[in-house]
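Colleague: Before anything else, here's the structure in question.
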């Protein structure tokens with residue numbers, strides 16, 4: 001099966017509830033994608049946008065917000081412009097250095113999480129992208145598209161400090177805790193994610209799906 005076919009199959013039967021049940025009204029919806037915009041990303045974003053349109057969510061109520069921790073460059077800006085034309089909706093690149101942000105909440109450990117200001121008015125959040133980890137990019141996708149992917153520079157620095165291994169626990173355990181913390185503060189109405197295998201395993205669901213995949217080891221740091 002092609003990647004597009006796998007995406008369509010996942011969206012047809014997401015874990016927990018159908019798309020129509022997840023989006024019963026035309027909410028202001030932010031599609032959180034990946035600023036790297038690799039080959040599968042465009043296909044997945046197009047399919048998600050079309051699927052949401054079919055259940056009654058107008059494109060005029062949607063926007064794409066592209067997450068990433070690397071400084072913005074001309075290539076990413078050009079790809080974002082191209083994606084705008086393809087999706088027919090605003091496409092905004094998260095600025096990991098100078099972008100504006102707001103506090104979404106504070107974790108039980110007292111860590112305040114600040115994310116991209118474009119999420120402030122969102123009535124629904126959709127996460128789309130590869131959910132994995134590698135030596136070049138670290139953890140990305142799923143809950144990590146939110147933190148560190150959409151975090152303010154200050155939040156990202158504090159998060160990186162907390163991820164350092166010390167006598168109190170492993171980095172993997174800290175990653176799991178941080179992912180669960182951001183999911184508790186930001187409701188993910190829909191996630192369309194895939195792993196790094198070839199061909200990728202594609203899954204769709206909500207925050208409960210991401211919690212399940214975390215337990216299964218998706219996004220675990222590679223050694």
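FYI, it's all coordinate maths here, none of it is from the lab. Small disclaimer: the values here were computed from a predicted structure and weren't measured. Cβ placement follows ideal geometry from the backbone for every residue including glycine, while neighbour counts extend to all protein chains displayed.
Colleague: Helix 153-163: angle to the longest alpha-carbon principal axis of the chain, degrees 0 to 90, nearest 10?
Modeller: So the helix axis and the longest Cα principal axis differ by about 60 degrees.
Colleague: Shifting gears a bit: In a Gaussian network model over the chain where Cα atoms closer than 10 Å are linked, find which of 48, 126, 28 has the largest mean-square fluctuation.
Modeller: Comparing 48, 126, 28 in a Gaussian network model of the chain, the most mobile one is 28.
Colleague: In the chain, what is the volume of the convex hull around the alpha carbon atoms, normalised per residue and reported in Å³?
Modeller: Dividing the Cα hull volume of the chain by its residue count gives 117 Å³.
Colleague: Only Cα pairs under 8 Å and at least 6 apart count here; give the relative contact order of segment 145-216 as a rounded whole percent.
Modeller: Answer for segment 145-216 is 21 percent.
Colleague: Further question on the same structure: Compute the projected area of the convex hull of the Cα atoms of segment 108-223, averaged over all viewing directions, and report it in nm² to one decimal place.
Modeller: For segment 108-223, the mean projected area of the Cα convex hull comes to 7.4 nm².
Colleague: Same structure, new question: So for segment 1-117, Kirkwood radius off the Cα pairs, Stokes-Einstein at 37 °C and 0.692 mPa s: how many µm² s⁻¹?
Modeller: Answer from the Stokes-Einstein relation: 208 µm²/s.
Colleague: Can you give the calculated 222 nm mean residue ellipticity of the chain, where each DSSP H run of n ≥ 4 adds -39,500 (n - 2.57) and the sum is split over every residue, rounded to the nearest 500 deg cm²/dmol?
Modeller: It lands at -11000 deg cm²/dmol.
Colleague: Out of all DSSP beta bridges with both ends in segment 28-139, state the antiparallel percent to the nearest 5.
Modeller: Here the share of antiparallel DSSP bridges comes out near 35 percent.
Colleague: GNM on the chain, C-alpha springs below 10 Å: top fluctuator among 114, 36, 130?
Modeller: 36
Colleague: By counting other Cβ atoms within 10 Å of each Cβ, how are 195, 34, 177 ranked from fewest to most? Numbers along the way, then the final one.
Modeller: Details: 195 19, 34 22, 177 16.
By the 10 Å Cβ count, ascending: 177, 195, 34.
Colleague: Sticking with this one: Rounded if a/c is under 1.5, else prolate if a/b beats b/c, else oblate: with a ≥ b ≥ c from the C-alpha gyration tensor eigenvalues square-rooted, which is segment 56-169?
Modeller: Prolate, because a/c is 1.5 or more and a/b exceeds b/c.
Colleague: Against the longest alpha carbon principal axis of the chain, how many degrees, from 0 to 90 and to the nearest 10, is the axis of helix 207-216 turned?
Modeller: Between the helix axis and the principal axis of the chain, the angle is about 50 degrees.
Colleague: Right, next: Between helix 171-185 and the chain, what is the angle of the helix's C-alpha long axis to the longest principal axis, kept within 0 to 90° and rounded to the nearest 10?
Modeller: Compared with the principal axis, the helix lies near 50 degrees.
Colleague: Now, a different point. Quick one: work out the % antiparallel among DSSP beta bridges in the chain, nearest 5.
Modeller: The answer is about 45 percent antiparallel.
Colleague: Evaluate the relative contact order of segment 1-86 (contact order divided by residue number), counting alpha-carbon pairs under 8 angstrom at least 6 apart; express in whole percent.
Modeller: 36 percent
Colleague: Right, here's the next one. What ranking, highest mean first, results for peptides 145-158, 196-209 when packing means the other Cβ atoms within 10 Å averaged over each residue? It would help to have the intermediate numbers written out before the result.
Modeller: Numbers: 145-158: 22.2, 196-209: 17.1.
In decreasing order of mean packing, 145-158, 196-209 become 145-158, 196-209.
Colleague: Using Cα pairs closer than 8 Å and at least 6 residues apart in sequence, work out the relative contact order for the chain, in percent.
Modeller: Here the relative contact order equals 24 percent.
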